[in-house]
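> Take this structure, written in C-alpha cells, and hold onto it; I'll ask about it next.
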Amino acid sequence: MAHEDHDAIYDLLAARGVSRRDFLAYCGSIAALLGLSEAYVPQIAAAVNRGARLKPAIWLNGGACTGCTEAIAQADSPDVATIVLEILSLDFIETLSMAQGEDALAAAEAVFEEPGYILIYEGSVMKGFDGNALRIGGITGLEELEHAAPNAAAIVAVGSCAVDGGFVMARPNPADATGVSMYLQEKGIDTPVVNLPTCPVNPEWVVAILVDVLLLGTLETGAILDKLDRHGRPKYIFGQTIHDNCPRRGHFENGNFVYEFGTEQEALGYCLYPVGCKGPQTYTNCPIVRWNRRASWCVEAGSPCIGCGSLDWVDVGAPFLNRHRDLPLPEVGNTQPNTIAGVVAGIAAAGLAVHAVGMKATGRTSGGAPYEEMKERDKKRMKKGGGE
Ligand code: SF4
Ligand code: SF4
C-alpha cells in the first residue's frame with residue numbers, strides 16, 4: 001500500500017466501514033494504553049498512516065490452538081484494532097496466508113533476508129518429539145524460529161503459549177513446550193522479546209506494541225526495554241491486577257461473594273473469588289481494555305478470571321473454579337517462571353487472608369459473607385494443596 005498520500009489510510013478505513021472519527025478515537029485509546037496524553041493522538045494517527053512499511057512484520061505459528069490468530073482475525077466483523085493491524089504490517093501470517101506451499105515459504109524467506117523486521121510469534125516452542133514438531137516444507141518449528149529470530153529487530157511473543165509454553169506445557173508437558181524468550185536464551189540468541197501473555201492475546205495490545213516499537217521509535221532508542229517488567233511484559237498493560245480495576249471489587253470489600261453458580265448471589269453479580277477468581281494475583285488490564293470491540297471481558301461475562309495473564313497459569317491455576325486459599329509459598333529466591341507465579345499467587349492468597357481477617361475484625365463483613373462458612377465450603381470443594 002502506498003502511504004505518500006496522507007488520506008490513504010482514511011480511504012482504506014472507510015472501505016472497511018471505519019470512520020475518521022472512529023479511527024481517531026481508537027488512536028486515543030492506544031495513547032491511553034501507552035500512558036501517553038491525548039496530545040499524542042495526531043502523532044499516532046500520522047505514524048499509523050505512514051508506518052505500514054517502515055518495518056515489515058511477519059507472524060509465525062508455534063504449537064498452539066491458533067486462538068490468538070482467531071482473536072486478531074475476527075473475519076466476520078473486524079474491529080478497528082484488527083484493521084489497523086492489517087494495515088500496519090503483517091507481510092506474512094502463516095495460518096491466514098493466501099499463498100500456499102512454495103509461494104508462502106518464499107514470501108516468508110523474502111522477509112527474513114532483510115534484517116530489521118518485527119517477528120510476531122504465536123504458540124509454544126515445542127522441543128519434544130526429537131525436535132520434529134511443526135515441520136513445514138521440510139523445516140521444523142525449531143529451525144524456523146532459529147532462522148527467523150536473529151535478524152528480527154524485535155520479537156513480540158503473543159499469547160501465553162509463546163510467552164512460557166501456556167496450556168501446551170501443562171504437566172506432564174509431553175511436547176516439552178516452552179516460551180520463545182526461554183528457548184532463545186538457551187540458544188544464545190539475544191533479540192529483544194516483548195511478552196504479551198493471556199489466552200488468547202488481546203488484539204489491542206498487539207497494535208499498541210507495534211505502534212510503540214514500530215512507529216514511535218522506542219525500539220531504536222531502547223526505551224521499550226525500560227517499559228518492560230522482569231518477565232518482558234509491558235508495564236503499561238501488565239502493571240496492575242485485574243482485582244485493582246474489577247467492577248465487582250466493591251462486593252469483595254463488602255464480603256458479598258458467589259459460592260456456587262446458579263445462585264442468587266451469582267445473579268446479583270457478587271465477587272467470584274470463592275469460585276476461583278484469580279483476579280487478585282493476575283496482572284493485566286483486561287477490565288479496562290476489555291475484549292471484542294470492548295464489549296465485555298471474563299468477569300463481566302460472569303466467569304472468574306482464570307489467570308491466563310500469569311506465567312504457568314494452567315498448572316498453578318487449575319482446577320480453575322477452586323479458590324487458592326491454601327497455596328503454599330515456594331522457596332523465595334528461585335526465579336523460575338513457575339515458581340515466580342507460585343510466589344505471586346501465594347503472596348496474593350496470604351494478602352487476601354490478612355485482608356479478610358482485617359475486614360472481620362473491623363466488622364466490615366457484617367451483612368456480607370461469613371468467612372467461616374466460606375472456609376467450610378472450601379474444605380469440601382478444594383483438593384488439598386490448591387493448584388496441584
Ligand atoms: S476476586 Fe475477582 S471478581 Fe472478585 S473483585 Fe477481585 S477480580 Fe473481581
Ligand atoms: S480476565 Fe483473566 S482469564 Fe480473562 S483474559 Fe484477562 S487474565 Fe485471562
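> Give me the distance in nm between label points sitting 7 Å out from Cα along the Cα-to-Cβ direction at GLU114 and ASN245, one decimal.
3.5
> Using 7 Å Cα-to-Cβ label points, what is the ASP190/ALA25 separation (nm, one decimal)?
Here the answer is 4.6 nm between the modelled labels.
> For the range 107-166, how big is the tail of P(r) above 18 Å, as a whole percent of Cα pairs?
36
> In cubic angstrom, how much convex hull volume per residue do the alpha carbon atoms of the range 193-312 span?
With only Cα atoms used, the range 193-312 gives 105 Å³ per residue.
> Let me ask another. Using R₀ = 45 Å, calculate the FRET efficiency as 1/(1 + (r/R₀)^6) where r is the Cβ-Cβ separation of ASN151 and GLU266; round to 0.05.
Result of the calculation: an efficiency of 0.30.
> Take the Cβ-Cβ distance between ASP103 and LEU321 as r, set R0 to 45 Å, and report the resulting FRET efficiency rounded to the nearest 0.05.
Once rounded, the FRET efficiency stands at 0.45.
> Right, next: How far, in nm, would the chain grow between ASP11 and SER303 when pulled straight, counting 0.36 nm per residue and subtracting the alpha carbon separation?
The ASP11-SER303 span can extend by a further 101.2 nm.
> Rank the residues ILE30, ILE136, ILE58 as a footprinting-exposure proxy: fewest other Cβ atoms within 10 Å of their Cβ go first.
ILE136, ILE58, ILE30
> Now for a different question. For a footprinting-style exposure proxy, rank HIS231, HIS147, HIS243 by other Cβ within 10 Å, fewest first.
Sorted ascending by nearby Cβ count, the order is HIS147, HIS231, HIS243.
> How high is the relative contact order of the range 147-242, in percent, counting Cα pairs under 8 Å that sit 6 or more residues apart?
Across the range 147-242, relative contact order equals 27 percent.
> Another question, then. Taking the number of other C-beta atoms within 10 Å as the exposure measure, put GLU300, GLU144, GLU70, GLU122 in order starting with the fewest.
Ascending Cβ contact count within 10 Å gives the list GLU70, GLU300, GLU144, GLU122.
> Taking the Cα centre of the range 100-158 as origin and charging only Cβ (+1 Lys, Arg; -1 Asp, Glu), how large is the dipole, in debye to the nearest 20?
260
> Tell me whether the range 270-321 comes out rounded, prolate or oblate; compute the Cα gyration tensor, take square roots of the eigenvalues as a ≥ b ≥ c, and use a/c under 1.5 as the rounded threshold.
Taking the square roots of the gyration eigenvalues as a ≥ b ≥ c, the range 270-321 is oblate.
Each value in this text was obtained by applying a stated rule to the coordinates, not by laboratory testing. Predicted, not measured: the structure shown is a model, and the values here were computed from it. Using ideal geometry, Cβ is built from the backbone for each residue, glycine included, and neighbour counts are taken over all protein chains shown.
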